[in-house]
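All of the numbers you see were taken from the coordinates with simple rules; none came from a lab. The structure presented is a predicted model; accordingly, all values stated were derived computationally and were not measured. With ideal geometry, Cβ positions are generated from the backbone for all residues, glycine too; neighbour counts draw on all protein chains shown.
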Amino acid sequence: MKNAVLSCLNLADSKNLKSIAFPAISAGIYHFQKDRCAKIMLNTVKEYVKNKDTNLSEIYVVLYDNDTFRIFAKEFKNLDLS
């Protein structure tokens with residue numbers, strides 16, 4: 001999953017996009033654990049933005065149910081954004 005997120009971020013930058021949106025990759029029909037999905041996705045985005053000169057100014061995570069939102073919100077609150 002980390003590679004998929006990085007590939008999307010790199011492709012968006014190569015196209016000079018200003019924004020990108022992600023679903024909870026594989027956490028739906030493929031039943032990937034939502035807490036692991038949140039941790040991997042959010043940490044990958046954080047490290048990308050922190051360590052790369054990017055054109056992206058908006059990165060969205062689009063979630064379709066309250067349970068997934070709650071899990072991602074909890075993980076986001078636990079991120080070290082320094």
Item to check | 22 Å Cα cut-off, lysine pairs counted over the chain (separation 8 or more, or different chains) | outcome: 26
Next on the checklist: Using the basic label-point model (7 angstrom from Cα toward the beta carbon), what is the residue 81 to residue 19 distance in nanometres?
Outcome noted: 1.8 nm
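How much length is gained if the chain between residue 70 and residue 4 is pulled fully straight, taking 0.36 nm per residue apart and subtracting their Cα-Cα distance, in nm to one decimal?
On the way: separation 66, 0.36 × 66 = 23.76 nm, distance 2.29 nm.
Net length gain for the segment: 21.5 nm.
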Checklist outcome for this item: Computed on Cα atoms only, the convex hull of the chain has an orientation-averaged projected area in nm² of 5.3 nm²
Checklist outcome for this item: Helix 2-14 sits off the longest principal axis of the Cα atoms of the chain, rounded to the nearest 10 on a 0 to 90 degree scale, by 30 degrees
Next on the checklist: How big is the dipole moment of the range 2-78 about its Cα centre under a simple scheme where the beta carbon of each Lys and Arg is +1, that of each Asp and Glu is -1, and everything else is neutral? Debye, nearest 20, please.
Outcome noted: 160 debye
Checklist entry - Roughly how tilted is helix 66-78, in degrees to the nearest 10 and between 0 and 90, from the longest Cα axis of the chain? => result 60 degrees
Checklist entry - Using the alpha-carbon atoms, what tilt in degrees (0 to 90, nearest 10) does helix 34-51 show relative to the longest principal axis of the chain? => result 20 degrees
